[in-house]
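Step one of this worksheet: look at the structure below.
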Amino acid sequence: MGEHEARLDLVPQCVGRTYARHDEQGDRVVSREDYAAELVKIRAARPNIRVLVYEYAFSGDRAWFRFAFKWTDKESGQPCSRAGIQLYRIEDGKLAETWVSLMPPGSTWPDTHQESWTTRKVKAG
């Protein structure tokens, strides 16, 4: 699989049996299966979606990352983007709770994203 392909097979390994979410849909608790189904719907609604990671950190039972989504609009074929930040609470090594804050559609970050999740930008100087 390529780097940008969905890896829904990893959901059981990465997400707890229930996953508390605080996002634009409100505050809710979903099962890992419901979360995987949400990811499928997002990918279907946003062809060619990519998650570009700008920076991230892990500390104890917390993690965060700054990202942007990029995709192609289904109807117009135009490129779309949206920047955001996501915080996580980890329990027993799995995602247990998340807070997502998204900027308006069309938003991007002014700096350059990382090549992949596993590479960090090297700052000059």
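Note on the stretch 22-42: residues that are among the charged types (D, E, K, R) and either within 17 Å of GLY84 (Cα to Cα) or in contact with a helix residue (DSSP H, G or I) (Cβ under 7 Å, 6 or more places away or on another chain) (or both) amount to 3. The C-beta contact set for the stretch 83-100 (first residue free of Cβ contacts under 8 Å to residues at least 24 places away in the same chain and buried (at least 17 other Cβ atoms within 10 Å of the Cβ), second residue in a loop (DSSP other than H, G, I, E, B) and among the small types (Gly, Ala, Ser), distance under 9 angstrom, 6+ apart or interchain) comprises GLY84/SER107. Looking across the stretch 1-49, just one residue is touching an Asp or Glu at 6+ places or on another chain (Cβ under 8 Å) and either among the aromatic types (Phe, Trp, Tyr) or at pLDDT below 90 (or both), and that is TYR19. If you go through the stretch 33-91 and pick out every residue that is in contact with a Gly (Cβ under 7 Å, 6 or more places away or on another chain) and acidic (Asp, Glu), you end up with 1.
The values are calculated or read from the model by the stated rules, or taken from the named source; none is laboratory data. Just so it is clear, the model here is predicted, and its values are computed rather than measured. Here Cβ is always computed from backbone atoms with ideal geometry, including for glycine, and neighbour counts include all displayed protein chains.
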